[in-house]
Amino acid sequence: MTDTTDKSRYPLWVTIPYLIFVIVLIPMYLRQYGPQNFLWFSDISLFATLIAVWTGNRMLASMMAVGVLPLEVVWAADFFTGGHIGLAGYMYDARIPLMLRVMSLFHLVFPVIVVWMLIRQGYDNRAIYLQTLVAWIVLPASYLIGTKEENINWVYGPGGVPQGWAEPVTYLLIYMAFLPVCIYLPTHLALRKIFAEPRDYPRGAGLKPSTLS
């Protein structure tokens, strides 16, 4: 029997809470961190995935999977092991308001939502190219707008600490090459194998509103 379920539609019990969460998060982050904080790949993924669950846009979900999912998995592992890696260490910093740290728990939910979307709709093989383009726009913007102290997306050094072995621009260029080759490509190959693109899924599909189904 043919499965007639529209897998590009997501239920309101997902889309509505997600929207409310983002509406609450934005002013809190703006007040605490400033608008430049939204350049973080994790924050971009939060907004992009919001659009994806409301529209069923498989490309956006695939882009966030190939570009952000690996780091979010590491963030979750760091969180559950005490924050010693450096990604989730701030979650244990009592100087940061508790409510802000609670809001940051979206890092734990994000991988679940994205994997669920991949299971429903499959992985779009073109995502790696668009995600690389996004990274090559966001990284220079993070360098120009952010500061060394903020070190947004680690454009001044890995792990939140500015590096000293190369000129800042040289390091940025190396980093811009590193992400697509060493992070995106292996992730792309894995996602392509695990979440095969459905043969009956039309190109450009996934711009339909969510329903209660």
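Whenever a residue of the range 44-71 is buried (at least 20 other Cβ atoms within 10 Å of the Cβ), its partners that are aromatic (Phe, Trp, Tyr) and not in a helix (DSSP H, G or I), lying with C-beta atoms within less than 6 angstrom and at least six residues away or across chains, give the pairs Val53/Tyr10; Ser62/Tyr123. Scanning the range 162-200 for residues that are out of contact with any helix residue (DSSP H, G or I) (no Cβ under 7 Å at 6 or more places or on another chain) and in contact (Cβ under 8 Å) with a residue 60 or more places away in the chain gives Arg192, Ile194, Ala196, Glu197, Pro198. Filtered by the rule that a residue be in contact (Cβ under 8 Å) with a residue 12 or more places away in the chain, more than 17 Å from the chain's Cα centre (by Cα) and either closer than 21 Å to Gly83 by Cα or in a loop (DSSP other than H, G, I, E, B) (or both), the range 127-158 gives Gly146, Lys148, Glu150, Tyr156, Gly157. Applying the criterion of being in contact with a Ser or Thr (Cβ under 7 Å, 6 or more places away or on another chain) and over 26 Å from Glu149 (Cα atoms) to the residues of the range 9-43, the residue that is surrounded by the fewest Cβ atoms within 10 Å (Cβ to Cβ) is Pro11. Would you be able to say whether some residue in the range 72-82 is touching a Phe, Trp or Tyr at 6+ places or on another chain (Cβ under 9 Å) and either modelled with pLDDT under 90 or of a type in the set (S, T, N, Q) (or both)? For the range 72-82, residues touching a Phe, Trp or Tyr at 6+ places or on another chain (Cβ under 9 Å) and either modelled with pLDDT under 90 or of a type in the set (S, T, N, Q) (or both): present.
The values are calculated or read from the model by the stated rules, or taken from the named source; none is laboratory data. A quick note: this is a predicted structure, and the numbers were derived from the prediction, not measured. Counting neighbours? That spans all protein chains shown, and the Cβs are built from the backbone with ideal geometry, glycine included.
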